[in-house]
Amino acid sequence: MTWFYDPRASYEHNLAHGPFGEFAERPRPASRPDVQRMTPPSLTFLGQPVHRPFGIPAGPLVNARFCAAAFSHGFDLAVYKTVRTRAHDAHPFPNTLAVHVDGDLSPARGATLLADDDLDSATSISNSFGVPSRDPDDWQPDMARAVAAASDGQALIGSFQGTRPEWHRRDSEAAYIADHVTAARLTAATGAPILEMNLSCPNEGTGELLCFDTALVTRICVAVKDEVGDTPLVLKLAHFATDAQLHALLRATSDIVEGYAAINTIPATLVDRTGRQALSGHGRERAGVCGASIRWAGLDMVVRLARWRADAGADFAIVGVGGVMGADDAVRYATEGANAVMSATGAMINPGLGQDVRGVSWPISHGV
Ligand SMILES: Cc1cc2nc3c(=O)[nH]c(=O)nc-3n(C[C@H](O)[C@H](O)[C@H](O)COP(=O)(O)O)c2cc1C
């Protein structure tokens, strides 16, 4: 099976020539009568009518062609891969390897896992891209095309992140916040009806993820919301080890933003069969792992976010991400309180997942 994002080719090759496999073809007419009957959309997500609040999160949809293919294959939410305010190179190929995990991947920093190119049977993979971006002059018109590719009952979400101008200067914080604001403005200008701010990629050389710095995230959220106004803003989070840390972030930001997406990847040390670093290059000893082995962590975050939301009487959206490999996983996330569910690894392995999800009845636990 050829994946629509080809992990055996470079990011640049995917950008120039993808999507591949089934996403390169016209979708087969849905064979299920309940899928064919699905108009008009009966559900909403953050104000957008959707057939199913299900789709592909930031990452594999690297440009408008990928987003259009996702929509036409029945994924009703498509997140355009995270962009920056200026061009930024991808880490060298390879970026995506099969990661061999026995069961659930623990977030304990010590995890060392075998990674290789045995992608045909993979259910967990690495994601080591370094958040590449084209220049806004290039991605802005392309993201606008992706927005326009959504049919009735579908929506494009624009993902962005800030770039720290200089790592170690104290006055760089103001510039870092300003860069988030610029990224948000450039993304909103494409017409994307929902914005997602990525706070959970290994960030800008600090070693700590931005989402764990509640004070800085709060300042960024205030500034970004001031810029984008009513356009819904979702924060993309990592797995939080403690409720104390998660609750502090929610107390500080839940009145500012409209939602939280969790999770991104879980980091692990990746080695080849000889025990050497699997992904070459400085700083790539550890890489984010996604797929079936992190499902427990995505579900755990959704449960904790939903519990806090209920206890606080809050009204934000929860996007469940992580290890959704089949429609039953998506339903489980929604049952636990996710208002939307997304799959990156599972959708790459099974491009029919959007149609599969359209064919199941969707549990609505909390309307947003
Ligand atoms: C190829 C690839 C690229 C990714 N790039 C991004 C990105 O640019 N921004 C982001 O917020 N998450 C990115 N992610 C993380 C996914 O959005 C998602 O959080 C993670 O893969 C867990 O979902 P999964 O288990 O369904 O893969 C990427 C994931 C993959 C597989």
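At a glance:
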{"item": "Estimated vicinal HN-Hα couplings, Hz - the stretch 112-123 in sequence order (Karplus 6.51, -1.76, 1.60; Gly, Pro = x)", "result": "10, 10, 6, 10, 8, 9, 7, 6, 4, 10, 6, 10"}
{"item": "Cα centroid of the stretch 298-353 to Cα centroid of the stretch 193-272, whole Å", "result": "16 Å"}
{"item": "In Hz, Karplus ³J(HN,Hα) per residue of the stretch 283-288 (6.51, -1.76, 1.60; θ = phi - 60°; x = Gly, Pro)", "result": "x, 10, 4, 10, 9, x"}
{"item": "In Å, descending, principal axis extents of the Cα set of the stretch 51-176", "result": "45, 43, 25"}
{"item": "Net charge of Cβ neighbours under 10 Å - reference P49; Lys, Arg +1; Asp, Glu -1", "result": "-2"}
{"item": "Cα-Cα separations in the stretch 190-349 greater than 29 Å, expressed as whole percent", "result": "21 percent"}
{"item": "Ratio of Rg to Rh over the stretch 112-171 (Cα coordinates, Kirkwood Rh, two decimals)", "result": "1.12"}
{"item": "Among I56, I177, I266: highest mean-square fluctuation, GNM of the chain, C-alpha pairs under 10 Å", "result": "I177"}
{"item": "Length-normalised contact order of the stretch 264-346 in % [C-alpha pairs under 8 Å, at least 6 apart]", "result": "27 percent"}
{"item": "The stretch 280-368, Rg to Rh (Cα coordinates; Rh as Kirkwood inverse mean 1/r)", "result": "1.06"}
{"item": "The chain: most fluctuating residue of K225, K81, K236 per GNM, C-alpha cutoff 10 Å", "result": "K225"}
{"item": "Average Cα contact separation per residue, the chain, under 8 Å, 6 or more apart, as relative contact order %", "result": "19 percent"}
{"item": "With 10 Å bins from 0: P(r) over the chain, alpha-carbon pairs, percent", "result": "5, 26, 37, 25, 6, 0, 0"}
{"item": "The chain: most fluctuating residue of L199, L15, L105 per GNM, C-alpha cutoff 10 Å", "result": "L15"}
{"item": "For the chain, calculated [θ]222 nm from helices alone, where every DSSP H run of n ≥ 4 adds -39500 (n - 2.57)", "result": "-9500 deg cm²/dmol"}
{"item": "Kyte-Doolittle mean at least -0.5, axial Cα span of 18 Å or more - DSSP H helices of the chain", "result": "172-188, 214-228, 295-312"}
{"item": "Computed label-point distance, nm, for sites A175 and R307 using a 7 Å Cα→Cβ extension", "result": "4.2 nm"}
{"item": "The stretch 172-271: C-alpha gyration tensor shape, a/c 1.5 cut-off, then a/b vs b/c", "result": "prolate"}
{"item": "Order by protection proxy (mean Cβ within 10 Å, highest first), peptides 110-120, 341-351", "result": "341-351, 110-120"}
{"item": "Relative contact order of the stretch 197-323, defined on C-alpha pairs under 8 angstrom at six or more residues apart (%)", "result": "24 percent"}
{"item": "Cα-based shape type of the stretch 215-283, given that a ≥ b ≥ c are square roots of the gyration tensor eigenvalues and the cut on a/c is 1.5", "result": "prolate"}
{"item": "L43 long-range amide H proximity, modeled H, under 5 Å", "result": "V50"}
{"item": "Simple Cβ-charge dipole of the chain, Lys/Arg +1 and Asp/Glu -1, about Cα centre, in debye nearest 20", "result": "180 debye"}
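Any read-out appearing in this document is the output of simple, stated calculations on the displayed coordinates, not a laboratory observation. Everything quoted here is computed from the prediction, not taken from an experiment. Note that we place each Cβ from the backbone using ideal geometry, even for glycine, and neighbour counts take in every protein chain shown.
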